[in-house]
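**Student:** I'd like to ask you about the structure that follows.
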Amino acid sequence: MVLSAVDEESYSDNTSYSESRSHTGRASMSTAAIAAHVLVVLVACAAAFFNLVSVTVPIALICLIGVGAGILAVIQRAVFFLGEEDQLIVEGWVEKRAHNGPGVTLVNPFTYRSASLRSAETLSATQYAKLCNSKDGSERIEKGPQLLFLGPYDRLVAKSQALSLSNTQYALVTNQLTGERTVMRGPCIHFPGPHDTTQKGEAVSMSSTEYIFVEDKLTGERKTVRGPCVWFPEPFEAPSSKCNAIALQEDQYLRMKDKTNGKRWVLRGKAQVFLEPTWEIEGKGEKPLKAWSLKAYEYVRLLDSVTGKISVHRGEQVVFPGPDESMLDGEVLSAIDLKVHEYCKILDQATGDIRVEGGKSGGSQQVYLGPNEKVLDGGKRKAVEVDENHAVLVRDKGTGQLRLVKEKQLFIPGPNETIEEVRELIRLADHEAMIVRGKDGDFQYFYGSEERRQNGQPRSFFLEPYDEIVKLCWSKGRRRESRNLFIERFDCRPQFMSFEFNCRTSDNVELILEGTFFWEVVDLPAMVKSTGDTSGDLCNHARSQFIRHVARVTLKQFMDESHSIAKKVWEEDTAFYKSRGVKIHSLEVTRYQCADCRTSEILEQIIQETTNRMNRLSQAESENEVNLFRMQGQIEQERMNGDLLKIQHEHTTDEAKVTGQSEAARIAAFMDGLRESVPKVEDRVSMWQVLRKTEALSVISQGDAKLYFTPKDVDLSIEARSSG
């Protein structure tokens, strides 16, 4: 707490007011006495003026009043009545004197110039007054509790409360005369000296996880103060803001650097870190860094930036880096898990050696990179399965030579070998053929057909290291306008190929012809020797031939002889096709039209009329054929009906014969069986008839038919008999 000049001026004004208070009281008392005397004189003069009293009475009265006033003035200057808090300051001709109350003070009225009363200052136990001696300029402090009477030359500069300090408070006291600084710690009540300025402050209360940096302003030294404590500063110490200690877990660390000597180190957990003033945390922010917890299949490579040394740490463990170490690969690496069919190439950058690691025959293998190693060719790769259908083309980087591996195996290349290509077995169907150019430029022709293959030539084969398949670029499209059809497998079966081109008749009608070749490749070496665009050559040659032949005929002749013209085109120049190694089976014009629209319309009408006429003729022929077929069908039906009746008659006759013979045999057997027992033929016939009737009745009884018998049939007689 610092007292300012404004406070001192206010205290000076209060003091002046208390000193002038006594002068004002005595002046008011003298004024009242003078007013009373003047009033008495005026009354006496008025009475004399109105002849109420004699003139001598007022004069005598005035004299008495004057004497009394003089005596009163002397008494007022000589006698002072002081209370308990009053103080009389008498200013003599040479010095000042002070008289403190309570009591009556007698002063020689002729030995001083003026006298004044002022009140004493009451100071409590927590108050103090700062006094200034106007005679010698000295200052002093008066502490309470007391009733303070100032000296004759004292002036009250300030009256203030003492500084009350608690357990966690302090006061920084500065002596303005000597510059000395002291710290007063609480709990206490501090009364400053006359030349002291005071600053009140709070001590820094810190828990067990807090700390501050303290700097000595005189020496510049800095130190760390840790909690738990309540810190009070020394006179020239200045604290920083409170900081929290950094709690490191078991897998955490901090990179530290001492700014005074450049020393670097790593603080590992588990710990509570209180930083020193010269320490700083390296890295992003002040957060703890996490150590690398490695599993059994993980590892990390650390690079020392000072020495350049690389260290490899494998799991299972928690890895803390050194002060100058950083992660070489930017992340935790997993071991390369190589299965039985996998491999990888590893380059040692220190020596330049390359090694190949592959999976074990019994299972997988874990491969860890060394300090200076790196994986080539993008990491692990699959081994090539060499079997009946696959071979592998391998280049030796040391010699630059190629070799084709055909032996059945799980192929893994050597350190200086690279796999150029995995080649599949080329299988040719019976109708297929292929051309292979050897390393010397010779052509080899392979056929799927057994008839065309040479002795010992395989039907399926692998392409050798320096061999390549010959591709021919043929033209495509109906007019063969583009040449971008690449053929490497040649189809030796007969096949169709369409074409389209323009030609002009002798009567100057331009036609657009469309047709098809039915052709076949018969001599592959001759074809390759003579042309590289077989389809284009065939169509172009046919076009020139058609132009030559069509130019000799009119439109009507062409319409009637188009097929014969097409036949002449390929039959007249078979040597050309033979030289190209192909055989033309047929050449047909499938469609033609006029290039000019009007001519085309007329031609369409002609064609339409011709077509309609042919359709009508065909329709009439069809109707006649239908009627003829219907009549032939009816004749054939009647002939078959007669044959059916004849056959039915024959069947009925045969059936009757069989039935009669069967019945005769039964009757004969019946008659012969009763010959001895019934000698008469008539009786036996009668018995046979009775049996036949019985059979007829049994058959009829099984159905819903009704049988009516006549009396004759049942041999019924009616007799009338009388009763009695």
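**Student:** For region 158-174, what does the Karplus curve 6.51 cos²θ - 1.76 cosθ + 1.60, with θ = phi - 60°, yield as ³J(HN,Hα) per residue in whole Hz, taken in order and with x for Gly and Pro?
**Tutor:** Running phi through 6.51 cos²θ - 1.76 cosθ + 1.60 with θ = phi - 60° gives 7, 10, 9, 7, 5, 8, 9, 10, 8, 5, 10, 10, 8, 10, 9, 9, 10 Hz.
**Student:** I've got another one for you. If you take the square roots of the eigenvalues of the alpha-carbon gyration tensor of the chain and sort them as a ≥ b ≥ c, do you get rounded (a/c under 1.5), prolate (a/b over b/c) or oblate?
**Tutor:** Prolate, because a/c is 1.5 or more and a/b exceeds b/c.
**Student:** Would region 176-309 count as rounded, prolate or oblate if I go by the C-alpha gyration tensor, calling it rounded below 1.5 in a/c and otherwise prolate when a/b exceeds b/c, oblate otherwise?
**Tutor:** prolate
**Student:** Using only DSSP helix segments of four residues or longer, with each worth -39500 (n - 2.57), what per-residue ellipticity at 222 nm results for the chain after dividing by its residue count and rounding to 500?
**Tutor:** Result for the chain, helices only: -10500 deg cm²/dmol.
**Student:** Once phi is turned into θ = phi - 60°, what whole-Hz ³J(HN,Hα) does the Karplus curve with 6.51, -1.76 and 1.60 give for every residue of region 467-472, x standing for Gly and Pro?
**Tutor:** So the J values, rounded to whole Hz, are 8, 9, 7, 7, 10, 9.
**Student:** In what sequence, highest mean first, do 259-266, 492-499 appear when ranked by Cβ atoms within 10 angstrom?
**Tutor:** 492-499, 259-266
**Student:** Computed FRET efficiency, Cβ-Cβ of SER293 and VAL356, R0 45 Å: what is it to the nearest 0.05?
**Tutor:** 0.90
**Student:** Does region 152-245 come out rounded, prolate or oblate, given a ≥ b ≥ c as the square roots of the eigenvalues of its C-alpha gyration tensor, rounded meaning a/c under 1.5 and, failing that, prolate meaning a/b above b/c?
**Tutor:** In terms of gyration-tensor shape, oblate.
**Student:** Just to verify a number: FRET efficiency for GLU286 and SER124, C-beta to C-beta distance, R0 = 45 Å, to 0.05?
**Tutor:** 0.30
**Student:** Tabulate in residue order the Karplus-calculated ³J(HN,Hα) for region 261-266, using 6.51 cos²θ - 1.76 cosθ + 1.60 with θ = phi - 60°, rounded to whole Hz; enter x for Gly and Pro.
**Tutor:** Calculated HN-Hα couplings, in order: 10, x, 5, 10, 7, 10 Hz.
**Student:** Using 7 Å Cα-to-Cβ label points, what is the ARG97/SER334 separation (nm, one decimal)?
**Tutor:** A separation of 11.1 nm, rounded to one decimal place.
**Student:** Which is farthest toward the positive dipole end of the chain among SER208, VAL521, ALA296, measuring Cα position about the Cα centre, with Cβ charges +1 (Lys, Arg) and -1 (Asp, Glu)?
**Tutor:** In the chain, that residue is SER208.
**Student:** Dipole of region 522-634, Cα-centred, from +1 at each Lys and Arg C-beta and -1 at each Asp and Glu C-beta, to the nearest 20 debye?
**Tutor:** Charge dipole, region 522-634, about its Cα centre: 280 debye, nearest 20.
**Student:** Roll a 1.4 angstrom probe over the protein heavy atoms and tell me the percent of accessible area of region 183-260 that is carbon or sulfur.
**Tutor:** Within region 183-260, the accessible surface is 47 percent carbon and sulfur.
**Student:** Loop-only check: which chymotrypsin sites (Phe, Trp or Tyr not before Pro) in region 162-262 are DSSP coil with at most 13 other Cβ within 10 angstrom?
**Tutor:** When the chymotrypsin sites (Phe, Trp or Tyr not before Pro) of region 162-262 are filtered for loop state and at most 13 Cβ neighbours within 10 Å, PHE236 remain.
**Student:** What is the set of long-range amide H partners of ASN100 at a cut-off below 5 Å, with H atoms built 1.01 Å from backbone N?
**Tutor:** Correct list: LEU88.
**Student:** Ok, one more. Between 0 and 90 degrees, rounded to the nearest ten: what's the tilt of helix 555-571 against the longest Cα principal axis of the chain?
**Tutor:** Orientation of helix 555-571: about 90 degrees from the principal axis.
**Student:** Something else now. Defining a contact as two alpha carbons under 8 Å apart and six or more residues distant in sequence, what relative contact order in percent does region 352-439 show?
**Tutor:** 27 percent
**Student:** Please determine, in degrees from 0 to 90 and to the nearest 10, the orientation of helix 534-550 with respect to the longest principal axis defined by the Cα atoms of the chain, where the helix direction is its Cα long axis.
**Tutor:** 60 degrees
**Student:** Would you list which aspartates and glutamates come within 18 Å of LYS382, measuring only between C-alpha atoms, while excluding same-chain residues fewer than 8 positions from it?
**Tutor:** ASP337, GLU342, GLU357, GLU407, GLU417, GLU420, GLU421, GLU424
**Student:** Using a 1.4 Å probe over the heavy atoms of the protein chains, calculate the carbon and sulfur portion of the accessible area of region 539-681 as a whole percent.
**Tutor:** Using a 1.4 Å probe with all protein chains present, region 539-681 comes out at 54 percent carbon and sulfur.
**Student:** Which one, TYR368, SER562, PHE191, projects farthest toward the positive side of the charge dipole computed for the chain from Cβ point charges (K/R +1, D/E -1)?
**Tutor:** So the residue furthest toward the plus end is PHE191.
**Student:** Amide H to amide H, which residues 5 or more places from ALA245 or on other chains are under 5 Å from it, using H placed in the peptide plane?
**Tutor:** Answer set, sorted by chain and number: GLU210, TYR211.
**Student:** Another question, if that's okay. Out of residues 5 or more away from ASP596 or on other chains, whose amide H comes under 5 Å of its own, with H placed 1.01 Å from N in the peptide plane?
**Tutor:** HN-HN under 5 Å from ASP596: GLU510.
**Student:** Please tell me which of these pairs span more than 29 angstrom C-alpha to C-alpha: LYS159/LYS223; LYS374/LYS439; LYS130/LYS242; LYS242/LYS263; LYS257/LYS309?
**Tutor:** Pairs exceeding the cut-off: LYS159/LYS223; LYS374/LYS439; LYS130/LYS242.
**Student:** A further question follows. Which GluC sites (Glu not before Pro) in region 420-486 pass both tests, a DSSP loop state and at most 12 other beta-carbon atoms within 10 Å?
**Tutor:** Filter output for region 420-486: GLU450, GLU451, GLU481.
**Student:** GluC sites (Glu not before Pro) within region 540-635: which are DSSP loop residues with at most 12 other Cβ atoms inside 10 Å?
**Tutor:** Sites meeting the loop and neighbour criteria: GLU572.
**Student:** State the Cα centre-to-centre distance between region 182-197 and region 110-129 in whole Å.
**Tutor:** Going from one Cα centre to the other spans 26 Å.
**Student:** Run the quick spin-label model on MET687 and PHE81: label points 7 Å from Cα toward the beta carbon, then report their separation in nm to one decimal.
**Tutor:** 20.3 nm
**Student:** Where nothing but the Cβ of Lys and Arg (+1) and of Asp and Glu (-1) is charged, how large is the charge dipole of region 122-206 around its Cα centre, in debye to the nearest 20?
**Tutor:** For region 122-206, the charge dipole is close to 100 debye.
**Student:** Report, ordered by chain and residue number, the lysines lying within cross-link reach of LYS556, taken as a straight Cα distance under 19 Å and ignoring same-chain residues fewer than 8 apart.
**Tutor:** The qualifying lysines are LYS567, LYS568.
**Student:** Enter the angle in degrees (range 0 to 90, nearest 10) between the Cα long axis of helix 597-673 and the first principal axis of the Cα atoms of the chain, meaning the one along which they spread out most.
**Tutor:** Around 60 degrees separate the two axes.
**Student:** Then there is this: Taking a probe of 1.4 angstrom, what is the accessible area of ARG459 in Å², to the nearest 10?
**Tutor:** 100 Å²
**Student:** Counting only heavy atoms of protein chains, what accessible area per residue, in Å², does the chain have with a probe of 1.4 Å?
**Tutor:** Ligands and nucleic acids excluded, the figure is 62 Å² per residue.
**Student:** So how far, in whole Å, is the C-alpha centre of region 206-231 from the one of region 339-353?
**Tutor:** Cα centroid of region 206-231 versus Cα centroid of region 339-353: 57 Å apart.
**Student:** While we're looking at this one, here's another question. At 0.36 nm per residue, and after removing the present C-alpha to C-alpha distance, how many nm does the segment from SER530 to LYS680 gain when stretched out fully?
**Tutor:** 42.2 nm
**Student:** Just the accessible area for HIS99, please: 1.4 Å probe, Å², rounded to the nearest 10?
**Tutor:** In the full protein context, HIS99 sits at about 50 Å².
**Student:** Roll a 1.4 Å probe over the protein heavy atoms and report the accessible area of CYS597 in Å², nearest 10.
**Tutor:** 100 Å²
The values are calculated or read from the model by the stated rules, or taken from the named source; none is laboratory data. Quantities reported herein were computed from a predicted structural model and do not represent experimental measurements. Note that each Cβ is placed from the backbone with ideal geometry, even for glycine, and that neighbours are counted across all protein chains shown. The area values use the complete protein model at the heavy-atom level, side chains included, leaving out ligands, DNA and RNA. Shrake-Rupley method; radii C 1.70, N 1.55, O 1.52, S 1.80 Å.
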